[in-house]
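The values are calculated or read from the model by the stated rules, or taken from the named source; none is laboratory data. Since we're looking at a predicted model, the values are computed, not measured. Note: ideal-geometry Cβ built from the backbone for every residue, glycine included; neighbour counts use all protein chains shown.
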Amino acid sequence: MRITEYVTYDAVGLAELVADGEVTPAELTAAAREAAQAVNPRVNAVVETWQTDDEPRPGSSPLAGVPFLIKDIAVAMAGRRMELGSRLAAGNVSAVDSFLMGRLRRAGLVTFGRTSTPEMAYSTTTEPVLYGATRNPWDLKRSAGGSSGGAGAAVASGVVPIAHATDAAGSIRVPASCNGLFGLKPTRGRVSVGPAFDEVFNGLAVHGSVSRTVRDSAALLDLISGPEPGDPYFAQEPPRPYAEEVTRHPGTLRIGVLTHAWGGHRTTAPVADALSRTVRLLESLGHRVEATEVELGVDWEEFLLSNARQWTANLTAQVDELAAATGRPVDSSTLEPPVLASYHYGQRVSGTEFVSALAVRNRVARSLAQYFDAHDVLLTPTLPELPVPLGTHAEGTAAMDGLDWLRRLFDLSPFTAVSNVTGTPAMSVPVTADAATGLPVGMQFAAGYGKEGLLFRLAGQLEQASPWSGRTPGVWAGNHPGH
């Protein structure tokens, strides 16, 4: 299969070709490898590929035979490296499959490589020392987002139609927005993160994907969702498959719009303009849309401090475990300045402070639940500005402590972390683009606990009303004919 043909299909479409006997999984993987060779030298999204002898049974699942990439963190594949984007974990090889990896295998996905992540996934840009910066295929001088920036750049540039991603404060939605993709963060407990990572950041982090079509994300979530033995969180099973929700009418939704984020963060003019166009589109589709205020239940500084304590305490435990396993020191030779500063900050978090941080999480979750009693959906920009230039996150980090670093991340992405704290689903939808630059602008839609089905219905409607699959970046595998 030529690359120019390969990139015209989404994952469900490729699986249908396999099921019909028109192409083999091996031929699709060969096309994906060729696509990676064509674009990866420019975007640096894929850090490793490998040969695979996986031969899934055609038609065994809606995604059987589709080439797939996993993120370099949180999903363990037996015999393959998982390095967390860090020199501290360089060369680390997973002994066994994680629960998610087992489900990906049973889904018939052909996993042939891993994508880049910032060190410990501890940033909203992907610029690790270990493998270098991942660049945005729409503008190589700009960030591809993070922490699933490698996944975002790989999908946006046409290497694969869908890729694994994780999200602890926006790490699915931020790269989806930066790269013009669809990305949904599921409800806490929807997808198992076990067995080695049963409570990643005490439930802040979840598994998901970034994709070019809504139906691909829905199909994958159907295949990977559901509890595993010993999971600490549980989300009620949906009434029907998510793949069916994509084509169902969402009805008339009550949608509140928050233009500017909490803590005095202002949305820039290009993004505010994109938000206004999205509101007009929603109104044309019959939804009731109004400006809203959303109470967090705590002030922004308390929200920031509690997150810093929860994040850094978890990070410190993870770093200590890695250092013990590798025999490497915890210093500037193994960790980048923001992560090392956050490690030291976490060492100083007391047990009482940590428990208080969890109490704040509870207050925020209950406050947002009241909002969703009166509204079906909350609409915000995913990010308050266009994708930032590479290097933006690193400015002045040498003088930062762990709280300062988290403030930097939340300043750059103030809308996304709230849904991680509450455990509720949220998605970034590439409804529109910036008129002046052509850069994608993601819009975030959040819903109440367990309401992924509602979001998929709305996303399917938006995809039909304002299609984005025809928009491709300058760095695009489809520009390379292949063999």
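The table below lists the values:
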item	result
Qualifying residue in the stretch 245-254 (condition: at pLDDT below 95 and surrounded by fewer than 20 Cβ atoms within 10 Å (Cβ to Cβ))	no
Residue ID - nearest to Lys185 (Cα to Cα), chosen from residues in the stretch 417-464 that are surrounded by fewer than 24 Cβ atoms within 10 Å (Cβ to Cβ) and hydroxyl-bearing (Ser, Thr, Tyr)	Tyr449
Some residue of the stretch 234-244 being in contact with a Gly (Cβ under 8 Å, 6 or more places away or on another chain) and buried (at least 24 other Cβ atoms within 10 Å of the Cβ)	yes
Matching residues, the stretch 51-89, being under 24 Å from Arg212 (Cα atoms), within 20 Å of the chain's Cα centre (by Cα) and part of a loop (DSSP other than H, G, I, E, B)	Leu63, Val66, Asp72, Ile73, Ala74, Val75
Selection from the stretch 422-453 of residues that are aliphatic (A, V, I, L, M) and under 18 Å from the mean Cα position of the chain (by Cα)	Ala426, Met427, Val429, Val431, Val441, Met443, Ala446, Ala447
Of all residues in the stretch 90-101 being surrounded by 15 or more Cβ atoms within 10 Å (Cβ to Cβ) and more than 20 Å from the chain's Cα centre (by Cα), the one that is nearest to Glu336 (Cα to Cα)	Ala90
Answer residue from the stretch 102-139, given it is among the basic types (Lys, Arg) and surrounded by fewer than 24 Cβ atoms within 10 Å (Cβ to Cβ) and is nearest to the chain's Cα centre (by Cα) among those	Arg135
Single residue of Leu84, Leu28 found to be at pLDDT 95 or above and out of contact with any Asp or Glu (no Cβ under 9 Å at 6 or more places or on another chain)	Leu28
Qualifying residue in the stretch 40-48 (condition: of a type in the set (D, E, K, R) and assigned to a helix (DSSP H, G or I))	yes
Selection count, the stretch 152-189, where residues are in contact with an Asp or Glu (Cβ under 9 Å, 6 or more places away or on another chain) and not β-branched (Val, Ile, Thr)	8
Unmet requirement for Gly21, which otherwise passes all of (1) at positive phi; (2) at pLDDT below 95	(2)
Criterion violated by Glu34 - all others in (1) in a loop (DSSP other than H, G, I, E, B); (2) in contact (Cβ under 8 Å) with a residue 60 or more places away in the chain; (3) under 29 Å from Pro118 (Cβ atoms) satisfied	(1)
Residue tally, condition of a type in the set (Lys, Arg) and surrounded by 24 or more Cβ atoms within 10 Å (Cβ to Cβ), over the stretch 43-89	1
Residue in the stretch 140-157 that is of a type in the set (Ser, Thr, Tyr), more than 11 Å from the chain's Cα centre (by Cα) and buried (at least 24 other Cβ atoms within 10 Å of the Cβ) present	yes
Boolean, Arg215 is in contact with an Asp or Glu (Cβ under 8 Å, 6 or more places away or on another chain), charged (D, E, K, R) and either surrounded by fewer than 17 Cβ atoms within 10 Å (Cβ to Cβ) or within 18 Å of Ile73 (Cβ to Cβ) (or both)	no
Any hit, the stretch 280-303, residues being surrounded by 19 or more Cβ atoms within 10 Å (Cβ to Cβ), over 23 Å from the mean Cα position of the chain (by Cα) and in a helix (DSSP H, G or I)	yes
